[in-house]
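Derivation of every value follows stated rules applied to the coordinates shown; laboratory data play no part. On a predicted model such as this, the values are computed, not experimentally measured, just so you know. Because the Cβ atoms are built from the backbone with ideal geometry, glycine has one as well, and the counts that use them run over all protein chains shown.
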Amino acid sequence: MIINSKTKIVGILGYPVEHSLSPAIFNYVFEKLNLNWCYLPFPFPSTHKISYFLECFKELNFVGLNVTMPYKEVVVPFLDEVSAFARIAEAVNVIHLQDGALIGYNTDGRGFIDSLKEVGVRAEGKTVMVLGAGGAARAVVLSLAMEGAKRIVLANRTRERGEKLAAVLRSRFPKVEALVVDLSAEAKPYLAEADILVNATPVGMDGISKPLDEEVLTALPASSLVYDMIYSPLETPLLKWAKDTGRKSLNGLPMLLLQAQGSFQVWEGSEIELKLLREAAEAALKGI
Ligand code: NAP
C-alpha cells in the first residue's frame, strides 16, 4: 500500500480499539480492490475532548469514521447532521465528512437484521430479550421493532437506561410490547418465552464472563437463538454455553461485516462484496 497526498483516509474512533478487526478488514479490501484508501485506528481516551477530535478530523479533510464503544452516543451532539434512524437510536456508528459537514449514520441495525436473515431468522412476531441499552442495543432494538417483533424485553445493568429505551419504543412503536427487567433472576420468566436472546453488552470479551448467570440462562427455550454481538473472541462463554446446551448460536462477525459493507456504501456510494469482506475477516483472524 502506498500512502500519498491522494489517499482517502477513514478509521475507527473508540476506546479501546485494539479488539477491532475493522482496520485489518478494510485495509485488506482496499489492497485487493487496488483502492488508494487507508483505514486507521483512532483510540481516543478523553470523552470530554471528543468535539476537539471531531473538529481536527474535519480540518484534516479525512473521508469518514466508524464509531465504536463508548462513543456512539457521545458524538451525536457534535455532528452537523444525523440520519433519521441514528437520531431516534441516539447512536451513530458511521460518520461521513461531506462538503465540510460531519454527517452521522447508523448501519448497526440493518447489519443486525440482515445477519439474522442470513441464518433464516425473521424478527416478525418474535419475542426478543436484549441485554444492554447502549449504542448497539438501541440500534438493534429499534430495528427489531421496525421488523415487527412482538415483544422486546430489555435487561440493562443501569435500569433507568433500559426504561428510557423502552419509553422510546413505546412512543414510536405502540404495537410492540416493551418491557424492562434487571440483569438478574427477574429475567427468568421472560427468558422462558424468548425466541431470541441478544447480548449487546461487552460482557464476554474477556473470554470468561457471561452477561447472565447460567442458572438464569437455563430458562431459555431449547429452540431459541442465542446471538452475541461480540466477535472477539468469536466464541464467548455465552455462545459456548448455547452450543453445549444444544441451542442455536450466532456471533457478531456477520453483523460486523454487514455494517462494514453499509459503512463503505455511506462513504463511497458503492458496495464491497460480502465474499471479499468474509475473506478479509478470515485473513484478519489468522493475523495475515
Ligand atoms: P456502549 O454504548 O458502551 O454500551 C454498553 C452496554 O453494555 C451498556 O448498556 C452497559 O450498561 C452494558 N455494560 C457494559 N459493561 C457491563 C458489565 N460489566 N455488566 C453488565 N452490563 C454492562 O457499547 P456498544 O457500542 O453498545 O457495544 C456493546 C457491545 O456490542 C460491544 O461488545 C461491541 O463490541 C458490540 N458490538 C458489535 C457490533 C458488531 O458489528 N458485531 C456492533 C456494535 C457493537 P450500562 O448502561 O449500565 O452502562
*Within 10 Å of each residue's Cβ, count the other Cβ atoms and sort PHE264, PHE85 from fewest upward.*
PHE85, PHE264
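Can you sort HIS96, HIS19, HIS48 from fewest to most other Cβ atoms within 10 Å of each residue's own Cβ?
HIS48, HIS19, HIS96
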*Indicate the gyration tensor shape class of the stretch 150-288 (rounded, prolate or oblate), computed on the Cα atoms with a ≥ b ≥ c the square roots of the eigenvalues: a/c under 1.5 is rounded; otherwise a/b larger than b/c is prolate and the rest oblate.*
oblate
*Between the DSSP loop rule and a limit of at most 10 other Cβ atoms within 10 Å, which trypsin sites (Lys or Arg not before Pro) in the stretch 153-221 are left?*
LYS175
*Answer rounded, prolate or oblate for the chain, using the Cα gyration tensor with square roots of eigenvalues a ≥ b ≥ c: rounded when a/c is under 1.5, else prolate when a/b is larger than b/c, else oblate.*
prolate
_Given R₀ = 45 Å, what would the calculated FRET efficiency be for ASN61 paired with SER209, taking r from the Cβ atoms and rounding to 0.05?_
0.60
*With no solvent and one point per C-alpha, what does the Debye sum give as log10 I(q)/I(0) for the stretch 132-192 at q = 0.21, 0.24 Å⁻¹?*
-0.76, -0.98
*Rounded to the nearest 0.05, what FRET efficiency do ALA167 and ALA222 have when you use their Cβ-Cβ distance and R0 = 35 Å?*
0.60
*What length, rounded to one decimal in nm, is gained on full extension from LEU35 through to ALA192, with 0.36 nm per residue of separation minus their alpha-carbon distance?*
51.6 nm
*Violating pairs (Cα-Cα greater than 29 angstrom) within the set LYS8/LYS72; LYS8/LYS248; LYS58/LYS210; LYS150/LYS275; LYS8/LYS210*: LYS8/LYS248; LYS58/LYS210; LYS150/LYS275; LYS8/LYS210
_Proxy reagent accessibility, fewest Cβ within 10 Å first, across PHE62, PHE26_ = PHE62, PHE26
*As a check on your grasp of the helix formula, calculate [θ] at 222 nm for the chain: sum -39500 (n - 2.57) over DSSP H runs of n ≥ 4, divide by the residue count, round to the nearest 500.*
-11000 deg cm²/dmol
